[in-house]
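Every number in this text was worked out from the coordinates using simple rules, so none of it is lab data. This is a predicted model, so every value here is computed, not measured. All Cβ positions, even for glycine, are placed from backbone atoms using ideal geometry, and neighbour counts span all protein chains on display.
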Amino acid sequence: MVETGHFALILAFALSLVQSLVPLYGAYKGDTRLMAVGGPVTVTGFALIALSFAALTMAYVQSDFSVANVWENSHSLQPLIYKFTGTWGNHEGSMLLWVLILSFFGALVAAFGSNLPATLRANVLAVQGWIGTAFLLFILITSNPFARLVPAPIEGKDLNPILQDIGLAVHPPLLYLGYVGFSVCFSFAVAALIEGRIDAAWARWVRPWTLAAWVFLTGGIAMGSYWAYYELGWGGFWFWDPVENASFMPWLAGTALLHSAIVMEKRSALKIWTLLLAILTFSLSLLGTFLVRSGVLTSVHSFASDPSRGVFILCILTLFIGGSLALFAFRASSLAAGGIFHPISREGALVLNNLFLTTATATVLIGTLYPLVVEALFGDKISVGEPFFNLTFGPLMIPLLVVVPFGPLLAWKRGDVFAVAQRLMFAFGAALLAVLVTYLFIDGASVFAALGAGLSAWLVLGALTDLALKAGIGNVAPRMALRRFVGLPRSVFGTAIAHLGLGLTLLGIVGVLSFEKEAILVMKPGQVVEISDYRLRFDGLTPVRGPNFTEDQGHFSLLGINGQPSDVIMSSKRFYPVRQMPTTEAGIKTMWLSQLYISLGDEAGDGSVVVRVWWKPLVTLIWGGSLVMMLGGFVSLLDRRLRVGAPARRKSAAKPAAVTP
């Protein structure tokens, strides 16, 4: 089965070469037969890569240690779920998952792109083939997941203990669906540049792919944040780690692309800018792939890899980013710029949105790459951390968030900002009230906390106001308003839900940063610690043996008003003997939207242990808001206009025969 998987990967590479050349040549020559080759070849390539991935998964599940990749990242005593997820918990397996998802998206275009113009469809599949060819070659030359060991070892080296968590089953697949999903937008952009033609139908086709990739990337980033929050025992939700930034930058650029595509679809404006954003968004995804796998970064998120892999990926980056930007520079002057509009309009609001998002992306990019450039040029090691990003990224986001509720209420082409401000007066009043209540009546509230709470209320109520006004609530009879509300396009609901989710996430961030409480102390059994309005008693450590680890479980009793235990929270320190690595398993108790968080430190000889306890108010809103944003994206995808795509041209009806008298 292992050799079958390897051979299937080689066949997939051969087919990707066919996919990248034959449909492109057919589009150039106008040969429909050659263009039609792209669809079956793409689907067959996906089936072969799926077979290859299934073969590697089977090797992991069966603990076939004759495969070097399995030996380095698995152990016979691992729980089955971690044997399965361990398939992509390493460089070689994760790259195979990467190309599997790439081929899956290509197969979707081939299957559902029948009403695309034949030349555009052929060129899109060819560009997808170029990407697949490059990465399949990278895997076969530098990262073969099927390399054998002779003789086969008896036992494996175990999976990295940090990765032995259910988060590995969710985070990488979601992240790659987002990363690689933007490849379709990139392929559409390059295909349009090859043809030298772009129109609103192009935008209508690109928008659902952009939306789907954005939804998955949102989920991947949120899941990664929560995974690091509970697994590493550090109590934080975001560290501005370079590899975290590598996934955040495509999300920012993809958000800008999504809004720009709306303008292009509705008003045939921002054509050139939308093309450029489609190229840059996937380019940032490729940059993230390079940062994780090149060895230039030291991070808990990155894969240790040799320099040859980094050089190979750098060549891929240069080829695709440089080549696509060169093609853009060559073709952009010949493309029509699109319609014009007044600065005060919905188009203008979306352009402003793009301006802030792309500038924010640039600041994150500079902060991420600057230390690498300094080290490469001068040999000096510097660190760009949280203070830089807070002082540059934060101020860019505040005006953007203030403007968000205005955008959906402004008219196309020319709007009236004063009329929209009047419609948002209730939302503004409620937001101002939230500021005053937070500052005056919540103990320890700062100006930052008050303004943050007000901005969160402004986003949430602004989204609800948008739905209320478009349904006519307050202006028509209740039954009519309900009928209009139910009949609103799904994209309107999706936009409002996504903006509401953004407000909830912001409220969670403000709540944690402003009102979090922390206690660090050495506790002995029976000792009680008070934090916020809660009392925790340390009941001692209990040794426990797991399938491939040992751990000391710390038991903490949450005491009620009468001093009796009302709940038990367990936190532990694990040790994995094969890897000789310890991990911290945080104890978390969720109380409505807030959490008690307990992390164990080192144990002393007298039975005492270092304990860190946090009270994290509203912290669950950070990830709950992200789920709401994902829900908004899914609701938008249900909009009929996005599901049917660009309508095919109707054949002109035959003229009725003349009636002879």
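Once a ≥ b ≥ c are taken as the square roots of the eigenvalues of the Cα gyration tensor of the stretch 183-275, is the result rounded (a/c under 1.5), prolate (a/b larger than b/c) or oblate (a/b not larger than b/c)?
Taking the square roots of the gyration eigenvalues as a ≥ b ≥ c, the stretch 183-275 is prolate.
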(request) Give the residue from Asn123, Gly45, His6 lying farthest towards the positive end of the charge dipole for the stretch 1-159; charges sit on Cβ (+1 for Lys and Arg, -1 for Asp and Glu) and the dipole is referred to the Cα centre. (result) Asn123
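Considering just Cα atoms, how many Å³ per residue does the convex hull of the stretch 517-616 enclose? Mind dumping the intermediate values first?
Values: hull volume 10.7 nm³, N = 100.
Enclosed volume per residue, from the Cα hull, is 107 Å³.
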(message) With N set to the number of residues, divide the alpha-carbon radius of gyration of the stretch 390-432 by 2.2 N^0.38 Å and report two decimals.
(response) 1.37
(request) Using Cα pairs closer than 8 Å and at least 6 residues apart in sequence, work out the relative contact order for the chain, in percent. (result) 12 percent
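Would you please put 113-120, 170-177, 496-503 in order of how densely packed they are, using the mean number of other Cβ atoms within 10 angstrom per residue and starting with the highest?
Numbers: 113-120: 18.2, 170-177: 21.4, 496-503: 23.8.
In decreasing order of mean packing, 113-120, 170-177, 496-503 become 496-503, 170-177, 113-120.
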(request) Whole Å is fine, so just give me how far the alpha carbon centre of the stretch 465-491 lies from that of the stretch 378-423. (result) 29 Å
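How large is the Rg to Rh ratio of the stretch 439-565 when both quantities use alpha carbon positions and Rh follows Kirkwood? Display every interim value, and only then the final one.
Values: Rg = 23.9 Å, Rh = 19.4 Å.
Reported Rg/Rh, Kirkwood definition of Rh: 1.23.
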(request) Answer with one residue from Gly472, Ala253, Gly462: the one whose Cα lies farthest towards the positive end of the charge dipole of the chain, charges on Cβ with Lys, Arg +1 and Asp, Glu -1. (result) Gly472
(message) Using the Cα centre of the stretch 517-616 as origin and beta-carbon charges of +1 (Lys, Arg) and -1 (Asp, Glu), tell me which of Val529, Ser608, Val568 is placed farthest towards the positive end of the dipole.
(response) Val568
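Assuming a viscosity of 1.002 mPa s and a temperature of 20 °C, what translational diffusion coefficient in µm² per second does Stokes-Einstein assign to the stretch 1-159, Rh being the Kirkwood radius over Cα pairs? Before the final figure, lay out the partial values.
On the way: Rh = 16.2 Å.
Once the numbers are plugged in, D ends up at 132 µm²/s.
Where nothing but the Cβ of Lys and Arg (+1) and of Asp and Glu (-1) is charged, how large is the charge dipole of the chain around its Cα centre, in debye to the nearest 20?
Values: 43 positive and 35 negative charges, 691 e Å.
Roughly 3320 debye, rounded to the nearest 20.
Less than 15 Å Cβ to Cβ from Val611, Lys/Arg counted +1 and Asp/Glu -1: what total charge do the surrounding residues give? It would help to have the intermediate numbers written out before the result.
On the way: positive: Lys517, Lys524, Arg535, Arg537, Lys573, Lys589, Arg612; negative: Glu518, Glu530, Asp539, Asp552, Glu585, Asp602, Glu603, Asp606.
Charge balance in the 15 Å sphere: -1.
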(request) Return an integer: the convex hull volume of the alpha-carbon atoms of the chain, in Å³ per residue. (result) 215 Å³
(request) Would you mind putting 215-224, 351-360 in packing order, based on average other-beta-carbon counts within 10 Å, highest first? (result) 215-224, 351-360
(message) Largest first and in whole Å, what are the equivalent-ellipsoid semi-axes of the stretch 82-163 based on the Cα gyration tensor, each being the root of 5 times an eigenvalue?
(response) 35, 14, 9
